[in-house]
1. Do you know which of the residues in region 34-74 that are more than 13 Å from the chain's Cα centre (by Cα) and in a strand (DSSP E or B) is farthest from Arg3 (Cα to Cα)?
2. Which one is modelled with the highest pLDDT, of the residues in region 80-90 that are closer than 27 Å to Glu42 by Cα and open to solvent by less than 70 Å² (accessible area, probe 1.4 Å)?
3. In this structure, does Thr77 turn out to be open to solvent by less than 40 Å² (accessible area, probe 1.4 Å) and under 14 Å from the mean Cα position of the chain (by Cα)?
4. Keeping to region 21-54, report how many residues are in contact with a strand residue (DSSP E or B) (Cβ under 7 Å, 6 or more places away or on another chain) and under 15 Å from Pro74 (Cα atoms).
5. What number of residues in region 9-33 are under 17 Å from Glu81 (Cβ atoms), small (Gly, Ala, Ser) and over 9 Å from the mean Cα position of the chain (by Cα)?
6. Looking for whichever is touching a residue at least 12 places away in the same chain (Cβ under 8 Å) and not in a strand (DSSP E or B) here; the options are Thr6, Thr11. Which one fits?
7. Quick one: in region 39-49, which of the residues that are of a type in the set (A, V, I, L, M) and surrounded by 11 or more Cβ atoms within 10 Å (Cβ to Cβ) is farthest from Glu71 (Cα to Cα)?
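The values are calculated or read from the model by the stated rules, or taken from the named source; none is laboratory data. Values in this document were obtained by computation on a predicted structure and should not be read as measured data. All Cβ positions, even for glycine, are placed from backbone atoms using ideal geometry, and neighbour counts span all protein chains on display. Accessible surface areas use protein heavy atoms only, side chains included; no ligands, DNA or RNA. Shrake-Rupley method; radii C 1.70, N 1.55, O 1.52, S 1.80 Å.
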Amino acid sequence: MPRTFTPKVVTANALLEGDAVWLTEANTWTRDISEAELMTDEAHADLRLLEAQSRADEIAGAYLADAKAGEAGPEPTHFRETFRTRGPSNYAHGKQVELS
């Protein structure tokens, strides 16, 4: 039985800063997952991933991450992606300070 495609976002790490970033519908990178393009079509998601992977001068490690539609935009569905929205974990700075 074929697997059912679940909604995805393209995510990666910004090459210079290392921050988690997500691809927007406008083809820009954002540090806010709620601004990401939520894709419900598998072929479109695969194409967007290939486009993102070709931007090696901007990002590293692009992949498709499961997401769901939330009130303010896409939301992560896996703890790993929730963790990545919070920024670096080795000590409190950046996004972690802002969440305190």
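1. It comes out as Gly70.
2. Glu81
3. Here the answer is no, as Thr77 does not meet what is asked.
4. Looking only at that region, the number is 15.
5. The number of residues fulfilling the criteria is 2.
6. It is Thr6.
7. So, considering only residues that are of a type in the set (A, V, I, L, M) and surrounded by 11 or more Cβ atoms within 10 Å (Cβ to Cβ), the one farthest from Glu71 (Cα to Cα) is Leu47.
Results for (1) open to solvent by 80 Å² or more (accessible area, probe 1.4 Å); (2) at pLDDT 95 or above; (3) of a type in the set (Ser, Thr, Tyr), shown as yes or no for each residue.
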residue: Val9; (1), (2), (3): no, yes, no
residue: Ala12; (1), (2), (3): no, yes, no
residue: Val21; (1), (2), (3): no, yes, no
residue: Glu25; (1), (2), (3): yes, yes, no
residue: Glu37; (1), (2), (3): no, yes, no
residue: Glu51; (1), (2), (3): no, yes, no
residue: Ile59; (1), (2), (3): no, yes, no
residue: Ala92; (1), (2), (3): no, no, no
residue: Ser100; (1), (2), (3): yes, no, yes
